[in-house]
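Below is one structure, written out as structure tokens; comments come after it.
What follows draws every value from the coordinates through simple rules; no lab data is involved. What you see is a predicted model, and the numbers here were worked out from it, not measured in a lab. When we count neighbours, we look across all protein chains shown, and the Cβ atoms used for this are built from the backbone with ideal geometry, even at glycine.
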Amino acid sequence: MRPLKVPEGPVATALAAAVIVASVLAAYLNGLTAPFELDDIASIPENPSIRTLWPLSVPLSPPSTGTTVGGRPFANLTLAVNHALGGDGVRGYHAVNILIHALAALALFGVVRRTLAMPAVPARFARDALPLALAAALLWALHPLLTESVTYVIQRVESLMGLFYLLTLYCLIRSVDPGRTAAWQAGAIASCLLGMATKEVMATAPLAALLYDRTFVSGSFREALRRRGVLYAGLAATWIPLGVLVAGTGWSRGDSAGFTGWAAAGAYWLAQSQAAARYLGLSVWPHPLVFDYGTVILAHPRASALCALLMIPLAAATLYMTWRRPAPGFLGAWFFLILAPSSLIPVATQTMAEHRMYLPLAAVVVAVVLGSHALLGRWAFAFLGVVAVGLGFLTSARNEDYRSAVALWDGAVASEPGNARARCALGIALRSLPGRLPDAVAQLREAVRLEPGYVLAHNELGIALQAAQGTSDEAIGQFREALRLDPEYAIAHHNLGLALAQSGKVREAIDEFEAAVREKPDYAEALSNLGVALCISGRTDEGIQQMKGAIRINPDLAMTHLNLGSALLRQGRRTEAAAEFEAVLKLTPDDPKARSLLERARAVP
């Protein structure tokens, strides 16, 4: 048995780390200006819990439903830090995501490099441990399949969880070395805990750590538990706060995940065989990449059945290999274990999602790197270098799609024309482009046709019809249909209120704005428009209070400051009105109306 040996010196290691970071930056910097998409909106610009860093209880208590950060307080805290540094500007959020990805790549580099020095690994790999680890980290970090986890801002929950997962493993590996064992074990437990507070897939990390220990260090589960029982007790204890967090979302992440019956679960599980096969195919040939695969569980039942014939034997072979040939078997176990939570527990919002491959891809990449080395020897590094460069260019090209919402969603629709959610999102993107409003209406109509119960599509079609036709009975009808499907949908109440107000039905509009605020008390825009409607109806004092409430929630609403200032000025409260107009000019310095009204407020009566 070879003794544990950390290969290469600190200078070579530092150079390799620099190459990894520089490569990640080169591949991802062109995505810094990509706009917020899909779940980003509710989790970032519409998330009041990230608008303050203190007390910490606020960012550590994200909304339990309706956002990707529900039940994930540490991820929400990082968004709050972003907001404190740069508001809702997208660059800062993307920069942090890129940093997280670079750190995860470094952690993977460290894990692979040290693992290849373990006695359980053939000696031929130990001799080239550093370049092999560098190749694995580069191929993984630059693979375009990971763009969704990095450039789609809210999938920070995936990449950040991935970072903590790898750090848990890295700290375990370092704890095996003599000296500072307790510190590294504490680091592993802390990393695991932070991962549990980031995303639920982290639940598999204690199992992965124990399997790693048995495979590469201790030789058996019993010996691993005997030597490091305190560590595994600590890792297992992190399941307790995870359980509390999941319970806080109703055990179903706001009805976005969970079991609704055995028939539905069976169909979902069958579909996951197709998903896993698709993931493996994209790992080898990353085209076409699709931002959203939709919510249809069995669009292609025959294909799912055929994929099951492939994946079930592969899973069985992984179990056998884990028992008889633990080292290569660990790679298969890593792939299936990390995919298990989203594959076994039905996810209503996404049947298939590329970001789920953030960590499982590492197993595929390591297998390719070691297999290439076994076949080609050191000539493999030239081959792997070319592949890494090619993957980097593909990732950079994929990031260009994220800079255009139309390109991103057009690709999703082209890949899966029956995807109602992709058509809805494409309609929303087209709606903001000059001359594309008819195309937007067409896409939204098709989304409603494909999925008549799709609440968001009805609401967005109402907005598009209102923009195309002015306030019309058809637009109002779409808002009412959204509310028939979901009477608690605050945004549809608000939009219906706007349409009614523009039709001169102010009293009915007030009812809708009040309903929106009842359903969502922190809905600043609804409070603001309720205030305006109350002022129009002669209830000025009440209107002023509602607009002040909106500003307390979101001080950056320039139009609300303007409307509030106008209402105060009509009441003769010039000093208060002037303060509101000054606030408008701080937010929009070139606003001529605010400047004119400020002069009126300051004029001597």
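Side notes on the structure shown:
- Length-normalised contact order for the stretch 67-130 - Cα pairs under 8 Å, 6+ apart - percent: 16 percent
- Built from the Cα atoms of the stretch 1-96, the convex hull projects on average onto 10.0 nm², one quarter of its surface area.
- At least 24 Å along the helix axis (C-alpha) and Kyte average at least -0.5, DSSP helices within the chain: 10-28, 90-115, 156-176, 262-284, 301-324, 326-344, 360-376, 380-402
- Euclidean distance between Cα centres, the stretch 323-353 to the stretch 220-297, Å: 7 Å
- Cα gyration tensor shape for the stretch 10-402, rounded if a/c is under 1.5, else prolate or oblate: rounded
- Student exercise, the stretch 218-318 dipole from Lys, Arg, Asp, Glu Cβ charges, in Debye to nearest 20: 400 debye
- 5 angstrom amide H check on G71, placed H, neighbours 5+ away: none
- Of A117, H94, A276, farthest towards positive along the dipole that unit charges on Lys, Arg, Asp, Glu beta carbons give the chain: A117
- For K548, the lysines whose Cα falls under 21 Å of its own Cα, not counting residues fewer than eight places away in the same chain, are K520, K586, K593.
- Ignoring lysines fewer than eight residues from K199 along the same chain, none have Cα atoms less than 20 angstrom from its Cα.
- Spatial separation of Cα centroids for the stretch 103-157 and the stretch 469-534, in angstrom: 51 Å
- Overall, the stretch 10-402 carries a charge dipole of about 1420 debye about its Cα centre when +1 sits on the Cβ of Lys and Arg and -1 on the Cβ of Asp and Glu, all other atoms neutral.
- Across the chain, the longest run free of exposed loop sites, meaning chymotrypsin sites (Phe, Trp or Tyr not before Pro) lying outside DSSP classes H, G, I, E and B with no more than 15 other Cβ atoms within 10 Å, spans 260-605.
- Taking the chain and dividing mean pair separation by its residue count, relative contact order in percent (alpha carbons under 8 Å, at least six apart): 11 percent
- Signed unit charges on C-beta, dipole axis of the stretch 481-601, positive-most listed residue Y523, T540, Q502: T540
- Distant-in-sequence amide contacts of A257, defined by a placed amide H-H separation under 5 Å and a gap of 5 or more residues or a different chain, comprise A348.
- For the stretch 218-290, radius of gyration divided by Kirkwood radius, i.e. Rg to Rh on alpha-carbons: 1.16
- Cα-centred dipole magnitude for the stretch 555-605, charges only on beta-carbon of K, R (+1) and D, E (-1), debye, nearest 20: 260 debye
- Among A224, A475, T588 - extreme Cα towards positive end, dipole of the chain, charges at beta-carbon: A224
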